[in-house]
Structures are given as C-alpha cells and as structure tokens.
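The next block holds one structure in the form of structure tokens; read it before the comments.
The values are calculated or read from the model by the stated rules, or taken from the named source; none is laboratory data. Small disclaimer: the values here were computed from a predicted structure and weren't measured. Neighbour counts are summed over all protein chains in view; Cβ atoms, including those assigned to glycine, are modelled from backbone coordinates with ideal geometry.
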There are 4 protein chains.
Amino acid sequence: MKKMGFEAAVLCGKKEIRLETRALEDPGEDEVQVVPKAIGICGSDLHYYAHGANGLFVVKEPLILGHESAGYVTAVGPGVTNFKIGDRVALEAGTPCSTCKMCRMGRYNLCDGMQFRSSAKRFPHCDGYLCERVNQHVDFTHKIPDSISYEEGALLEPLSVALHAIRRSQPSLTPGSRILIMGSGTVGLLVAAMARINGASDITIADISQRRLEFAQTTEWVTRTVLVPLKRAKYGEDPELVYAKDTASELVKAAKMDQETYAGFDVTYECTGVDTSIQTSIFATRPGGKLVMVGMGKPIATLPIASAMTREIDLVGVFRYCNTYPEAIRMVGSGGVPGLGKLVTQRYRLEDAREAFEVAERGQDEEGRPGCLGEQGTA
Amino acid sequence: MKKMGFEAAVLCGKKEIRLETRALEDPGEDEVQVVPKAIGICGSDLHYYAHGANGLFVVKEPLILGHESAGYVTAVGPGVTNFKIGDRVALEAGTPCSTCKMCRMGRYNLCDGMQFRSSAKRFPHCDGYLCERVNQHVDFTHKIPDSISYEEGALLEPLSVALHAIRRSQPSLTPGSRILIMGSGTVGLLVAAMARINGASDITIADISQRRLEFAQTTEWVTRTVLVPLKRAKYGEDPELVYAKDTASELVKAAKMDQETYAGFDVTYECTGVDTSIQTSIFATRPGGKLVMVGMGKPIATLPIASAMTREIDLVGVFRYCNTYPEAIRMVGSGGVPGLGKLVTQRYRLEDAREAFEVAERGQDEEGRPGCLGEQGTA
Amino acid sequence: MKKMGFEAAVLCGKKEIRLETRALEDPGEDEVQVVPKAIGICGSDLHYYAHGANGLFVVKEPLILGHESAGYVTAVGPGVTNFKIGDRVALEAGTPCSTCKMCRMGRYNLCDGMQFRSSAKRFPHCDGYLCERVNQHVDFTHKIPDSISYEEGALLEPLSVALHAIRRSQPSLTPGSRILIMGSGTVGLLVAAMARINGASDITIADISQRRLEFAQTTEWVTRTVLVPLKRAKYGEDPELVYAKDTASELVKAAKMDQETYAGFDVTYECTGVDTSIQTSIFATRPGGKLVMVGMGKPIATLPIASAMTREIDLVGVFRYCNTYPEAIRMVGSGGVPGLGKLVTQRYRLEDAREAFEVAERGQDEEGRPGCLGEQGTA
Amino acid sequence: MKKMGFEAAVLCGKKEIRLETRALEDPGEDEVQVVPKAIGICGSDLHYYAHGANGLFVVKEPLILGHESAGYVTAVGPGVTNFKIGDRVALEAGTPCSTCKMCRMGRYNLCDGMQFRSSAKRFPHCDGYLCERVNQHVDFTHKIPDSISYEEGALLEPLSVALHAIRRSQPSLTPGSRILIMGSGTVGLLVAAMARINGASDITIADISQRRLEFAQTTEWVTRTVLVPLKRAKYGEDPELVYAKDTASELVKAAKMDQETYAGFDVTYECTGVDTSIQTSIFATRPGGKLVMVGMGKPIATLPIASAMTREIDLVGVFRYCNTYPEAIRMVGSGGVPGLGKLVTQRYRLEDAREAFEVAERGQDEEGRPGCLGEQGTA
Ligand SMILES: NC(=O)c1ccc[n+]([C@@H]2O[C@H](COP(=O)([O-])OP(=O)(O)OC[C@H]3O[C@@H](n4cnc5c(N)ncnc54)[C@H](O)[C@@H]3O)[C@@H](O)[C@H]2O)c1
Ligand SMILES: NC(=O)c1ccc[n+]([C@@H]2O[C@H](COP(=O)([O-])OP(=O)(O)OC[C@H]3O[C@@H](n4cnc5c(N)ncnc54)[C@H](O)[C@@H]3O)[C@@H](O)[C@H]2O)c1
Ligand SMILES: NC(=O)c1ccc[n+]([C@@H]2O[C@H](COP(=O)([O-])OP(=O)(O)OC[C@H]3O[C@@H](n4cnc5c(N)ncnc54)[C@H](O)[C@@H]3O)[C@@H](O)[C@H]2O)c1
Ligand SMILES: NC(=O)c1ccc[n+]([C@@H]2O[C@H](COP(=O)([O-])OP(=O)(O)OC[C@H]3O[C@@H](n4cnc5c(N)ncnc54)[C@H](O)[C@@H]3O)[C@@H](O)[C@H]2O)c1
Ligand SMILES: [Zn+2]
Ligand SMILES: [Zn+2]
Ligand SMILES: [Zn+2]
Ligand SMILES: [Zn+2]
C-alpha cells in the first residue's frame, strides 16, 4: 500500500490539540479518499477536548476529532464505480458491520460493531475528520449536489439525528401536531426544523438560556420560545417534582392548551439530557402522546414514571441515526431547510483548530451561543 | 319542538335544483344550529346533479346537496356548553354512531351507521348544507379561528381526505421522500399540499389535462408536472399493460430516478380512480413503497398485482377521513397552507345554486378547470 | 323508574365490608340488568379494603367493590334489541364517554370521562359488581358462549389487561420471541399466557416469591422461573443500580443468552410496579427491544434511562385495556387458554364477602399465593 | 483453491434430471462447507423441472435445484470462528448484498443483488442444494439444536415465508383474530400453523381440493375447512365477479359471521395465486382488515378494487422472507410447531432425485397431495 502524508488536528491530551503529519494508505477496495472541506465541532468533541473523555469513553491514544463533515473525492479504490475524483460528498460518520442482527433488521445505528468517527468508545480509537484527507467506505459516502454547500453538508450529520428523532416519533407526529422541544441547542433547533418540515403546526421551544431562545427566534422554525427557570434540585429537595410539574404547566399554558381536556403536547422532544427536563417533558405531554429522548445526560434519572405509564405516553430513545442521508440530502438540496446555514456561527482554518476549540468551549459555557457547530477547516 | 322555516337548494331530479322552504326543528340536546356561510360543491354533488345518482346510490327523494361547509352558530341545544351563538365553525360532514366496533377502534370513517351529508346511500337520505340553516351534532362541529375564512373552512373537508391519505401512508412518507400524485384535481392538489407540509422533497403530479397541470404550477406544492397521454385501452387491446408501463417509465424518468437501483416513487397517491392510472401507479412505485388509493372509479379493475406483490408495495385505500379536523384547523389557522384559497374559483349566492351547478358541471367536463369546489355565499 | 331491592357487599370503611340492601332502578334505554355470578377480587379491591384507599384515590362514601365479573341478563332496557333475558354475559368494567378525542382515536381506556367500576377516582364513586344485581350499558356487555364458565368470564377482565399489554408490544413481539416477565402474580401469569398464545417461544418469569414461581410452574405458560433476590435499596445505598444490573445478568444467563452479541430479551413485561424491578427490566432488554410497563407502583422511580435511550429500548405503558373483549372471548371460548380456571383459588358466597377479603388479604401478604382473584358465587 | 468432487442432481433440460459430478472449491473466507442432509422440493422447483422455466425465468444452463435444506458442516473458511465441523445447520436460501438501500432498511428480501438458490433469475444461475456438498455464507447459515431434525430444518424455509406473512399482517392479527386462508398447500398450511401460534382463534382454510382439506384436518392448525367450487370464468363471463362474491359469502357464513355488522375475516392470507381466489379474499375480509398476498399467479388480475379501497382493506404482498431464521428455529426447536414433520410425505435418496420429481409432479397435478415438500436426500 502506498502511503501519503497529511496534516491532522490531533487531540493529544486534555485541552491539547496539536497539528501533526500522518501517513495515509491508498483507499481500499470499496473506499474513496476525501478532502474534508468543512468539519463541524459538536458537543461530544468538546467533551473530549475539555475532559479528555466523553462520559464513560476515555481518550487513551491521540485522537482526531470531528464527525460532521463534507468534502470532495480525490481518489477512488479499485472496486469503486459510482464515485469519481472531484465528486462533492457528505460523509456519514459511522460504518456499521452490515451483517449483524441489528444491521439486518434495518437498525444499523445500534450495530455493536459500529465504527464511529472521533470516538474513544473502542480501542484503537476511530479517528475523525479534522484533517486534510481521509479514506471512507463508499457505502457511507453520499454525493451532494451543488445546491448544498460544504458547510451544509457537514450539518447533515446533526440533521440526521433530528430526522431520526422525527421518524422515531411516528405515527404520533402528524400534520397539525403541537410539539414541545426542550433545549434550544443545535440539536433542539434542528429537531424544530425537521418537525416544522414534517407538518407540526405549533412548535414550542424551551431553554434556560435567553440567548439561546433569542437565536431560536431568528429561525423560522419555532412558534414560540419559553424561558424556563434553571433549578436542579439536589436529591431529596423536591421529592414530589414540583419544579417539573410547575414548569410543565407553564409550558402547556404558554401553548394555550391549558383549558383542554387532554392538555399537553402531542410529542415532546427532550434535547438537553438534564433530568429535570425529562421530568418536565413527561408532565407536559398529553395522554397517548410520545416523548422522544434525544438529549444525553447522566445515566440514571429520577422520573415520574407512573405519569407516563397511566397515560400511555411512550418513551422512545434516539441513538444517532440510520438511513437518513439520502432523504436529508434531498431536503436540503431542494431548498427545503432554509436558514440551515445560520447554525454555523464561526469559521476557522484547520491550522487554527486549537483556537476554534477554545472559542467553542467558551461559547458553550459562558456566552450561551449555539457555537458548538461552527468549526470549518479548509485545506 | 319549535320549528322555523329556512330556504334550501334541493335536488328534485336529474339536473333539477329548486329553491324550497323547509321547516327546521330547534337544535336537539347535543346540537348547535348553524348558518352555512360557504358551501363547496364537490365531484359527488355533481354526480348526483348530473345523473340523479352517484355510483350505486340513486336519489329517491328530494335531497339537499353540499357536504363541505363552514358557518356560524345561531342557536345551541339545551345540553351544549362549549359553543355559543356567533361562534365560527367548520362542519364535519359525517356523524358516526360512536359505539360500534369501527368507532371504538378509532376508525369511525368506516362506521356502518355513519350519517354522511348530501348522500343518498341510506334512506331517508341525509341532507347536505346547501341551505340557510342546519342542526349539527356538537361533537362534529369545530370552532375555527378568525384566521380561517369561511371558504377555507369549507375546504377543510377535502383537506381532511388529503390529510387522511397522508396518515395512511405512514411510515413510508418521511421528510425527503419523493412522491407521485396521479390526478391534478382538487383532491390531488390537496394531497400535494399535505405531502409538501409533511416533508416530501420532490412531488411529481401527473394529469391528462394540460390546464389542470397549469393550475397546479400556480401553487407552490408541486416540484414538477407531467402530462400523461389519455388512453383507456378497451379490454383485450393492451393485455400486457404496455401503456401503464411506458407511462410509469416516463414518470420515473421525469423525476430523474431512472438510473437508480430501486427506481420508483416512495409513495404514490392515486387521485383519479381510473384503472390505467392505478396500473401506472403500481409500476411507478419503488420496491417496499406504498400506493395510496384515493380516487374512486369503476368497482373492478385490471391490475398488475404481481408487480405490487413481489416488490411488497402495499396498497392502502382512503375512505373519507377521521380525526382530522383539529389538526387541519391548526394547520390552516396557523398559516401553514398558503394558497389554499386559490382552490375556490367561483362564488355564487344560494339562490343561484342552479347556475353554480351548471357552470361547475361544464367546468369539469369541458374547460378542465378545478372548478369542482365552488364557493357558495348566502345572504 | 321502578326500583327493586338488591343485596350488596359494601365497603363502609377500612377493612369494613357490610351486606346492605340497596334499591336498583329499571335498566335504562341502552342498559341490561345483570346478575353477577362470579366476581373476582383483584389487587386494587384489596387496597381499598385494606387502606380505605388505592394510591391517591380515597374512599369518601360507601363503595361496592369488584370489577371483574360475569353473569346473566335478567332484564333489558327499552332500546335494547341484541340481548334477551337469560343471556350469559361478561361485564366490561369501564364505560367511556364515547365521543372525546381519546375515544374517537380508538384509545378509550384513556378517556377522561371513563366510569370505571369499584373505583373512588371520581365522586360520586362508581360502584362495582359485588352485589346481586347491576345495570350495565349494552355496549360494554359481552355475550359469552357456554364454553366459558362464569369464573372464566370474570377472568376476562385481567386477561384484557394482558391482551392489551401484548398489543402494546407490537411489532416487537413476534413468533419465536424470547420474553421476560417480572412478577408472577395474576397479571404476570396472564401476560405469560397471552405471550405464549402470541407465539413467544421462550418465556422467563421472575419473582421474589418461590411460592408464586411454583404456582407458575403448574401452568404451561412459562419456559422457566427465576427466583430473584428481594432487595429494595434505600436511596443512596445503591447509586449505580448494581442490584438491578446483577439481577438482569442472572436473568439473561438463565435464558442462555449471555453469549450473544445483543444479549437481552426481545420484550420485557414489568408486572410488579416495584422500582428495582423496572430497573432490572431495562438492563435485561436487548437493544431495539421493548419494555412494557404493566405494574403500578410508586409514582416516581429512579431509572437507568441512558441504558434505555442509547439502546433505543421503547418504554410503553399499559393502562387497563380497550377493544379486548371480543377477542378475549373468542380465545377463551375456543379453548385457546387452557388452565385459565386455575387462577381462581378460592370461592365464596356473596354473604361471605368479608371473609373472602380477609383471606385474600392474608393470601397476598403471607402465603404468597396468587389469591388475588377470588371467585364469588351468588345464590 | 483446492477443489473436491461432489455429486449433484442437475436439471439439464425440461424433465431431465441427471446425476453429475462437479468440483467444489474450499470454502471462502466467510463460508462454511455443508453436506445437505434433507432437501425439500417446492413448487418453483417443480416448475423448473416440468417447464424448464418458472414464470419468466428460463433455465439457460444446467441448474441444481432445491432451496429448502439443512445439513451439517464439514469444513469452515479461514475467517470463520462461530462454526465448527459437525455443527448441524439450516441453510437460508438467499444471500443479499447487505449494503444496498433495501438491505440497510431491513428488507433484504427485496435486495436487487440477492443470490437465491435454485433460481434462473440471474445468469449465471444460482445453484441449489440438491447435491452432496455446498459452500454457504456464514451469515446465512443457522445452527439448529438436536431437537430439530434435518427434515424440519429444511422446512424452516417455507416456514419462513409463513412467518414473514404473519409479520406482514401486523398489527391486524391479534390474539383472538378470525382469519381465512385460501389454499391448503404447503404454504397455506404453514401460514395456518404460524397464525395459530400467533393467537388466531378461528382459522378457516379453503381449497378446491377435498384431499388437500382432508390433509389439513389431520393437522391441529385449522378450525374448519371449506371446499370451494373450482370455476375460473373466462373473461367476460362473470363481469360482476358473482362467483367470488358468492364464495366469500359462503366462507363468511361457514365461519358463523354472517349476522355481524362488519362481517368478514380480520385477516385473509391468499395462498393460491389464482385470480378468482384473490377476488374472493377481498370480498371475504372485513372493513379495516388486511389481505396478505402470498400466492403467486398470473402477473395481471381483475380485482374488485373499490371493495378493498372503500372499506380500507390493506393489500400487502409477501416476497420470500427476511430475519426469520432465528425465530423460526426457536419456535420449532422448543416444540412450538407440533406436527410440522407431517408435511414431509415422501423420502428419497439423492440418486433417486429424478423419481422424486416425477412423483412429486404427479402428486401435485393428479392426486392433490401436499407432496411438494418431500425429497430428502442423504449422502
Ligand atoms: N441522541 C443522539 O444521538 C444525540 C446526538 C447528538 C447530541 N445528542 C445530545 O443532545 C443534547 C443536545 O445537544 P446540543 O448539541 O444541542 O447541545 P447544546 O448544549 O448546544 O444544547 C443544549 C441546550 O439545552 C439547554 N438546557 C440545559 N438545561 C436545560 C433545562 N433544564 N431546561 C431547558 N433547557 C436546558 C441549554 O441551555 C442548551 O441551550 C445533548 O445532551 C447531546 O449529548 C444526542
Ligand atoms: N377516497 C375518498 O374518500 C374520496 C373523497 C373525495 C374524492 N375522491 C375521489 O378522488 C378522485 C379525485 O377527486 P377530484 O375532486 O380531485 O376530481 P377531479 O375530477 O377534479 O380530478 C381528477 C383529475 O384526474 C385527471 N385524470 C383523469 N384520468 C386520468 C389519467 N388516466 N391519468 C392522470 N390523470 C387523470 C383529470 O384530468 C382530473 O384533473 C375522484 O375519483 C373522487 O371520486 C375520493
Ligand atoms: N396497568 C394496568 O392497567 C394494571 C391492571 C391491573 C394490575 N396492574 C398492576 O400490575 C401489578 C401486578 O398485579 P397482580 O394482580 O399480578 O399483583 P400481585 O401482587 O398478585 O403480583 C405481583 C407479583 O410481583 C412480585 N414481586 C414483587 N416485587 C418484585 C420484585 N422486586 N421482583 C420480582 N417480582 C416481584 C410479587 O411477589 C408478586 O408475585 C400490580 O402493580 C398492579 O397494580 C396494572
Ligand atoms: N410469496 C412467496 O414468497 C411465496 C413463496 C412460496 C410459494 N409461494 C406461492 O404460494 C402459493 C402456494 O404455494 P404451495 O407450495 O402451497 O402450492 P400448492 O400448489 O401446494 O398449494 C396451492 C393450493 O391452492 C389450491 N387452490 C388452487 N386454486 C384454488 C382456488 N381457486 N381456491 C382455493 N384453493 C385453490 C390448490 O388446490 C392447492 O391445494 C403458490 O402460488 C406459490 O407460488 C409464494
Ligand atoms: Zn452490525
Ligand atoms: Zn360506528
Ligand atoms: Zn371519552
Ligand atoms: Zn441488498
């Protein structure tokens, strides 16, 4: 195998991003070689950067971050017939095994053999796209038309999470539905965009940060924003979950549904991962409705489970996505998601990756801007 | 029971509409009395008018037509608490029995005891809304906000058919889907509108009438229009269904899908009822896709059933609608269906109902305009 | 309205059952009058008896208990055509409003206007069947063939809960599935019976009581029984939910699935309501599987929600049942649930109701027998 | 690659089966080498044998028939870790591409790249199992326990079709359902077995052959058998489909449902492929029910489509199966399908394959025995 050198922004330790030169093999039988032109930085990248770990997954060797990306093809493997040099492509971050039980059942996002970019879950780690050049399996490389910019191409990844969330809410989400989204971050906003596209008539988005809500108002995706108080009761302080009940009531009232017999949202998308927010989500959903859990937080939560159970509110989780790219590309490519580009707030060159992370981290913690998506490196 | 007089446009025989004065009882326990302000004329009304029958249902006594309507409340029955005089309302045309097996299973559109307005299916017939005043069961009366005009309120009825068609296509219709609609009449166009709202990225609408397609282009609901040749083979003339196969190929090509492995639309909505169109619909749908049959035509059709079966294309029918009004009102009320009003092409006063029918009939047969929905204003 | 006297076993206070004579009106327009021949006592009846309350619902006036019953018709209301005196019938315990949003959507078990027998949820309370004679709405009265005994007819009520649980697990439960049931009480056993009938190949039932499991073994519904240790950690004692994880591992191992890639049950039915059991249920279910929550316990529980979410295990609740009687009658009537009668362990006369409750209460607390269903024969 | 010789029963022309010696390579990276111990002959094999073609697929080169098989492992490829020599296995007849759109969506039975055994659909043809030794991809090789005989292992293939049909009928098939099966051949009977296992309480099976029905009665899968008259109207003879309507009425009456409001079967499984039978199936299904089309017949049929559409009876096709083997093995292995072995009516040695085909062919055409499954070759 011939090898060529390429530059990569490598996470070598907590808060330590270095530009290194690596060697890349020629693309394999079913691979294409791609130059990433835009790479988004998302929450999990920031976790790796800030803590040298993301939840349970600890970085044990230098890791290239970034799993939201689009670029162009520079070389094709010997068995590749449907791609050619120069093709503009979006890169699907995970490559499943394709043959296990989950893969065969059409739920490849749950594949145990999944190789997911920029993740320390497995060892050796699976490198991400924050670099000059990568080899990618053709089956998870998707051509994008000229009407999709590279930045939008990178955004197809979090958009896929949102689209998967929408699908997981079927058949509860119908044109005319009234929905609630907890959390106005990138994910919450993209869920709003997808729910809007999928017919929701009335979209309430809630956050603890006024700035985040102000940003939400600049999109055309939400009907109303509601600021909810930040209060994470220490255990024992609020055994009856009064905070969540009250917050749910406020949300139902804000959406003018409090006089109805079956007060509550048809579908609620929890996009914060915070336990008080999950509690609120249950109380705020109507009987027979659905709670889609997108946010990832602490592994264990205290939940008003009887309220969900006796009202037959289904709780369904969202883990990444599967079979979303063709549809996401069609949506964005046909102009169906206007305003998508707004989610990119800052742009950097690859060699400035370190700075990008520093700013993004501050952005999240201090300024409350949806800055988690925004790093765009060019060669 | 007190009775008051009211004027009605009554179908007394083939092509014979007369203005008559009828007596109306006070609204019953759970009824409201409503003044219809807008009444649409749809295809089945025209059939009754033109032939004195609609398919198998023959008019055996004078019948008031019209089942698409909205108006305002003028009186409420003794048991009514949630409506008051002056409320603006849309009228759901069918009142099911509420207790039979179908009703209890949530499919009240299939209720055997259904009383459907302006229909000669049962005897005595069930009168429609083309009159000055009707009594209506509160459970099937729906308040509309000021943002919905009476005309739009009347259009909620055919819109309900379209919404029901969309729901019946779940989970096959997903944001990003590519769909085909056969027939660019009122129903086809409303299905397009609903599919657009429900995320379809690419909507092909086909018709044999260029005028109908031109009208379709004035909406923002369709991606492209395709004129298909009119040819209804006499039996034996086209045993291999070559016409339908060719037409399907043209449609797939027009939608730029012919190079794909699983060429064909994700979901096809058949909105003509014509057998060659159903055949085309099957050939034009992709493996694992869905064919939603909305059009009503001859009871028996020759179909390429093996093509549907071996590719596991589900064939699902649409019979009217159920549980659609709250969502339809929310969609239209929130501005979610811009351009809806366009579907009303002419307006008449109740006393001119005869003329309205004459024009609508000609409009359908000769001029090819989507005139089947005529707005009828009363004093 | 004519009235006639009848005897009833009335709960007049905590642990105070009295035989009283009440007056009964003639059956209304759509009612039949029924003599209950068998009345089961279930957990909620015992709660009312033992505590004068069932969870949040406190008995505020004398209440006739019993909502599992079958009997024969002694009189029919003026509008009734499909029942005649002497008909053997099973009584569906809840009468929904039939017209609200939930009723129209086919989920009448969630109806806010539901009148449910032997429940103190609403005031005035809704009396149960522990009496000589009741009036019952025809729409919720179901004829039973001679092949169904009155006792089995009474058991159709808890069987309905189980059938509803089975339906709620669709499409995850398929012939060949491997399932877990937590709790070997009446409900757990009936879920086992229904799952067996619905094709589950491998049914593991777990309980903390060896006696309950021994009883389970006498049925032909379960593949294996597993005794799980009773340990309800006080809060803070087991923050990592080690107990639940270990118990889940044991269960997976007992079912010989521990060597598999996606170890875990396809569907788990939680039939205890205990929080440690819900935790165990989540850990024991496979990725993409389903957890059906039937048991009712404390309103708030500490749950390993991330484990459910990241493996996309859906959590669906079961609240009573809807549209189950016709199918349940067909199943039992055709001999499809052999061994059902075994669930009735004791029989009493109406006048001995007090004793029945005493024994049933002891039975539950001390002897661990599934005595919660007691047969009550009347003269 | 080393090669070894093996004997095969090869179809060399119409009605011409010859025993030939072929050369077999060592098993590939992910393959096992298997000795088929039992091979079923099914309808499509008989078609190839009798006509040198199966529908559109014409035999263009010598073809080894047989796609229902089980045997034991004699060698494993270099990459195989989960099989060892001596393992008893059932062979899944189709190997899909694993990466196309259909494969990724979990519907690999619709894969365009499917390699299906004993089929002339593609060229070069894909050989079947009627031979001494085959190489098979591990992902489609399934271990069977000792409780499953080789004959039963071969029957897992048609059983898979039946299981897939059952899954395709979800959620319409529920415990207590009343179903109809048209056609009492191997497929119809296996559908009956699966429906029985999946809770159907009342199973009517219809055939034109009394012998087939007599055989059905020897199983415990059906509630009743109904002989329907054989009459295939020439076109034009029965434009109103009176035959089908009458036959449907008889079937509904036989199942004692004719007095009901929504008379008709909950789910009908069409297992003949004959057009009059499909017509009958539509008329015999209840509103809101489902027609599962398993039989394969002429590509084009005349159908009472309005009857399906206006009653919202879904028509869903069944094309082979996917993801069925693990569940089918569990069902049969746990004794869940007693009587399965009965479906094997004759046994032959591989060298007598020619005779087997002759008898099977006569059996089908003249004697009406379910002899289509029966060829069992031993090494
Ligand atoms: N399920 C998946 O596959 C998947 C994929 C990507 C991200 N995620 C998760 O989705 C969540 C959102 O991701 P993001 O990138 O948008 O993160 P983000 O940090 O940009 O946004 C989260 C938002 O939630 C708000 N918030 C915090 N606590 C709240 C509370 N109690 N009530 C209301 N709002 C509150 C924050 O102010 C912030 O605006 C994260 O938990 C992330 O881990 C899940
Ligand atoms: N399922 C239901 O509950 C329901 C309710 C309302 C209407 N419908 C049916 O829906 C259909 C459409 O209703 P509409 O009001 O829009 O009628 P319409 O007459 O206005 O529209 C039908 C359109 O189909 C076109 N057409 C005819 N033959 C065609 C062919 N072979 N290929 C392509 N296009 C063809 C016509 O030119 C016309 O534009 C009718 O059959 C009607 O009976 C069904
Ligand atoms: N969802 C509904 O509509 C509905 C209807 C009826 C009953 N229920 C609920 O279903 C549950 C079961 O009802 P039942 O009548 O069978 O009650 P039951 O008391 O007879 O049975 C419960 C069983 O659970 C066992 N158990 C307790 N803790 C356990 C643990 N930690 N692990 C394993 N097993 C444990 C007990 O030993 C007992 O055998 C109750 O919670 C009841 O309230 C719900
Ligand atoms: N969908 C699939 O993937 C799949 C797989 C295997 C077989 N099949 C098809 O399933 C069908 C049944 O297969 P089989 O192996 O059981 O065939 P078979 O020939 O053994 O059985 C067919 C039965 O249908 C009966 N029959 C014929 N005409 C009838 C009529 N008008 N009414 C009632 N009964 C009638 C026959 O007497 C016979 O008993 C065939 O069409 C076959 O091609 C489909
Ligand atoms: Zn996999
Ligand atoms: Zn009804
Ligand atoms: Zn209700
Ligand atoms: Zn494939």
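What to note about this one:
- Some residue of region D:210-221 being more than 14 Å from chain C (Cβ to nearest Cβ), farther than 12 Å from D:Phe265 by Cβ, among the hydrophobic types (A, V, I, L, M, F, W, C) and surrounded by fewer than 21 Cβ atoms within 10 Å (Cβ to Cβ): yes
- Among the residues of region C:99-119, those identified as more than 8 Å from every other protein chain (Cβ to nearest Cβ) and of a type outside the set (Lys, Arg) are C:Cys111, C:Gly113, C:Met114, C:Gln115, C:Phe116, C:Ser118, C:Ser119.
- The residue of region B:142-189 that is surrounded by the fewest Cβ atoms within 10 Å (Cβ to Cβ), among those that are over 15 Å from B:Tyr321 (Cα atoms) and among the hydroxyl-bearing types (Ser, Thr, Tyr), is B:Ser147.
- All positions within region C:308-320 that are more than 7 Å from chain A (Cβ to nearest Cβ) and surrounded by fewer than 23 Cβ atoms within 10 Å (Cβ to Cβ): C:Arg320
- Cβ-Cβ under 7 Å pairs, at least 6 apart or on other chains, region B:98-126 side more than 22 Å from C:Asp30 (Cβ to Cβ), far side of a type in the set (Ser, Thr, Tyr) and assigned to a loop (DSSP other than H, G, I, E, B): B:Asn109/B:Tyr321; B:Arg117/B:Tyr129
Here is a yes/no grid of residues against (1) of a type outside the set (A, V, I, L, M); (2) within 16 Å of ligand 1 (Cβ to nearest atom); (3) under 23 Å from D:Thr95 (Cα atoms); (4) within 14 Å of another protein chain (Cβ to nearest Cβ):
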{"site": "D:Gly5", "(1), (2), (3), (4)": "yes, no, no, no"}
{"site": "D:Cys12", "(1), (2), (3), (4)": "yes, no, no, no"}
{"site": "D:Glu16", "(1), (2), (3), (4)": "yes, no, no, no"}
{"site": "D:Asp26", "(1), (2), (3), (4)": "yes, no, yes, no"}
{"site": "D:Val32", "(1), (2), (3), (4)": "no, no, yes, no"}
{"site": "D:Gly43", "(1), (2), (3), (4)": "yes, no, yes, no"}
{"site": "D:Gly55", "(1), (2), (3), (4)": "yes, no, yes, yes"}
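- Residue selected from region C:232-257 under the condition outside any helix (DSSP H, G or I) and aliphatic (A, V, I, L, M), by the criterion modelled with the lowest pLDDT: C:Ala233
- Within this structure, B:Ile148 passes the test of being within 14 Å of another protein chain (Cβ to nearest Cβ), more than 16 Å from ligand 2 (Cβ to nearest atom) and in a loop (DSSP other than H, G, I, E, B).
- Summed over region B:161-207, the residues that are within 14 Å of another protein chain (Cβ to nearest Cβ) and at positive phi give a count of 2.
- Scanning region C:238-256 for residues that are within 12 Å of chain A (Cβ to nearest Cβ) and crowded, with 17+ Cβ neighbours inside 10 Å, we see that the one that is nearest to ligand 8 (Cβ to nearest atom) is C:Lys245.
- Of all residues in region C:61-98 being under 15 Å from B:Thr99 (Cβ atoms) and more than 14 Å from every other protein chain (Cβ to nearest Cβ), the one that is surrounded by the fewest Cβ atoms within 10 Å (Cβ to Cβ): C:Gly77
- Some residue of region A:226-237 being within 14 Å of chain B (Cβ to nearest Cβ), over 22 Å from the mean Cα position of the chain (by Cα) and crowded, with 16+ Cβ neighbours inside 10 Å: no
For every residue, the table says whether it meets (1) more than 16 Å from ligand 6 (Cβ to nearest atom); (2) under 30 Å from A:Met114 (Cα atoms); (3) within 16 Å of the chain's Cα centre (by Cα); (4) away from every other protein chain (no Cβ under 12 Å).
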residue	(1), (2), (3), (4)
C:Gly289	yes, yes, no, no
C:Gly297	yes, no, yes, no
C:Ile300	yes, no, no, no
C:Cys322	no, no, yes, no
C:Pro326	no, no, no, no
C:Leu340	yes, no, yes, yes
C:Arg354	yes, no, no, yes
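- Contacts under 6 angstrom Cβ, first residue in region A:334-347 being over 18 Å from A:Ala192 (Cβ atoms), partner in a loop (DSSP other than H, G, I, E, B) and not aromatic (Phe, Trp, Tyr), 6 or more apart: A:Ser334/B:Ser201; A:Gln346/A:Gly374; A:Arg347/A:Gln376
- Condition met for C:Gly55 (surrounded by fewer than 24 Cβ atoms within 10 Å (Cβ to Cβ) and either at pLDDT 95 or above or within 16 Å of ligand 5 (Cβ to nearest atom) (or both)): no
- In the set (1) within 25 Å of D:Glu31 (Cβ to Cβ); (2) surrounded by fewer than 24 Cβ atoms within 10 Å (Cβ to Cβ); (3) away from ligand 4 (no atom under 16 Å from the Cβ), D:Leu130 fails one condition alone, (2).
- Per-region count, region B:175-233, residues small (Gly, Ala, Ser) and away from ligand 2 (no atom under 14 Å from the Cβ): 6
- Of residues in region B:92-110 being touching a helix residue (DSSP H, G or I) at 6+ places or on another chain (Cβ under 7 Å) and among the aliphatic types (A, V, I, L, M), the one farthest from ligand 2 (Cβ to nearest atom): B:Met102
- Residues in region B:255-277 that are touching a helix residue (DSSP H, G or I) at 6+ places or on another chain (Cβ under 7 Å) and hydrophobic (A, V, I, L, M, F, W, C): 3 in all.
- Top-ranked residue in region A:208-219 [being of a type outside the set (S, T, N, Q) and without any contact (Cβ under 8 Å) to a residue 40 or more places away in the chain; ranked as nearest to B:Glu327 (Cα to Cα)]: A:Ala216
- Restricting attention to region C:103-136, the residues being aliphatic (A, V, I, L, M) and in contact with an Asp or Glu (Cβ under 7 Å, 6 or more places away or on another chain) number 1.
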